[in-house]
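Taking it in order: structure first as structure tokens, then the write-up.
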Amino acid sequence: MAKQEAHTTELKNIGYEMFIGALSILSIVNIVLSFVYRDNPTLQTVVEFMNFVFMPIFLADFCYRFFTTTPKSRYFFRQFGWADLLSSLPLPNAKILRLFRLWRVIRLSRRFGVRNLVHQFLADRAGNALLTVVFLVFCVWEFGALGVLIAESRSPNANITNANDALWWDFVTITTVGYGDRYPVTTAGRIVGIFVMIAGVGLFGTLSGFLANTFLSPPKKEKAPPATAADANTPK
């Protein structure tokens with residue numbers, strides 16, 4: 001009985017598990033990019049900054065799993081909780097341990113089947129929308145900043161010249177604020193800006209809709225229990 005309830009809980013949390021797994025993949029990709037851009041400190045700074053942003057998320061994930069799992073020793077030793085902890089700390093060589101987080105998603109897909117996982121994910125579209133939007137914002141933020149830096153690097157008139165400028169420009173563009181203090185001047189940079197603006201409008205429109213639905217929709221009414229024979233014979 002307890003094992004069946006654990007399986008049901010895993011299925012209900014599939015959106016969260018897929019979010020952590022996708023974030024782990026992006027983190028592993030960043031390890032590769034950090035090596036590729038080792039001769040370009042500007043691009044490498046963008047990648048390292050995004051890894052720094054992921055760090056508290058992974059640490060919060062470890063704390064959530066550790067304090068909600070019984071017994072805790074099982075999670076820490078048998079389910080590689082120690083790897084979750086080390087990979088969420090500012091230890092450069094420990095980031096590769098985030099592969100163990102991805103293994104959980106692979107294990108779930110093997111246990112329940114990809115079809116069941118997709119069905120469960122789509123069944124809770126509203127709840128999983130927020131996690132999906134957050135992950136896509138991270139992707140647009142990182143690769144938009146990298147893209148505009150690469151595009152603007154050959155222009156002598158560029159005003160987006162370092163990681164700080166690129167991350168700032170990308171973030172205010174995603175949020176559709178657009179202060180105008182930083183902007184691309186090359187054709188390639190403007191094409192990157194177009195994609196970032198389109199993605200920002202779509203993502204933050206989805207996020208606004210999610211928040212509006214969460215806070216403004218009326219509470220769900222509890223279903224009345226089905227009438228029994230005893231209730232039918234009870235005098236009114």
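The values are calculated or read from the model by the stated rules, or taken from the named source; none is laboratory data. Quick caveat: nothing in here was measured; it's all calculated off a predicted structure. Because the Cβ atoms are built from the backbone with ideal geometry, glycine has one as well, and the counts that use them run over all protein chains shown. For the accessible areas, the whole protein counts, side chains as well, though only heavy atoms, and no ligand, DNA or RNA atoms are used. Shrake-Rupley method; radii C 1.70, N 1.55, O 1.52, S 1.80 Å.
Return the long-range amide H neighbours of residue 178 (sequence gap of 5 or more, or a different chain), with a cut-off of under 5 Å between placed amide H atoms.
Placed amide hydrogens put 173 under 5 Å from residue 178.
Trypsin sites (Lys or Arg not before Pro), restricted to segment 79-157: which are DSSP loop and have at most 14 other Cβ atoms within 10 Å?
Listed in order of number, the matching sites are 154.
Working from Cα positions, state the angle (0 to 90°, nearest 10) between the long axis of helix 2-12 and the longest principal axis of the chain.
40
Please work out the FRET efficiency for the pair residue 185 and residue 122, using the Cβ-Cβ distance as r and a Förster radius of 45 Å; give the result to the nearest 0.05.
0.55
Select from 91, 64, 180 the residue farthest towards the positive end of the dipole of the chain; place +1 on Cβ of Lys and Arg, -1 on Cβ of Asp and Glu, and compute about the Cα centre.
Working it through, the farthest residue towards the positive pole turns out to be 64.
Dipole magnitude of segment 1-142 about its Cα centre, charges +1 at Lys/Arg Cβ and -1 at Asp/Glu Cβ only, in debye to the nearest 20?
Using only the charged Cβ atoms, the result is roughly 620 debye.
Over the chain, give the accessible area per residue in Å² for a 1.4 Å probe, as an integer.
Accessible area per residue, the chain: 62 Å².
Using a basic spin-label model with each label point 7 Å from the Cα along Cα→Cβ, how many nm lie between residue 161 and residue 139?
Rounded to a tenth, the inter-label distance reads 3.3 nm.
With everything on Cα atoms, drop me the angle between helix 14-36 and the longest principal axis of the chain, reported from 0 to 90° to the nearest 10.
Approximately 20 degrees, to the nearest 10.
Rg and Dmax of segment 110-198, Cα atoms, in Å?
17.4, 56
To test your reading of the geometry: what angle, between 0 and 90 degrees and rounded to tens, separates the Cα axis of helix 187-216 from the longest principal axis of the chain?
Taking Cα atoms only, the helix is inclined about 20 degrees.
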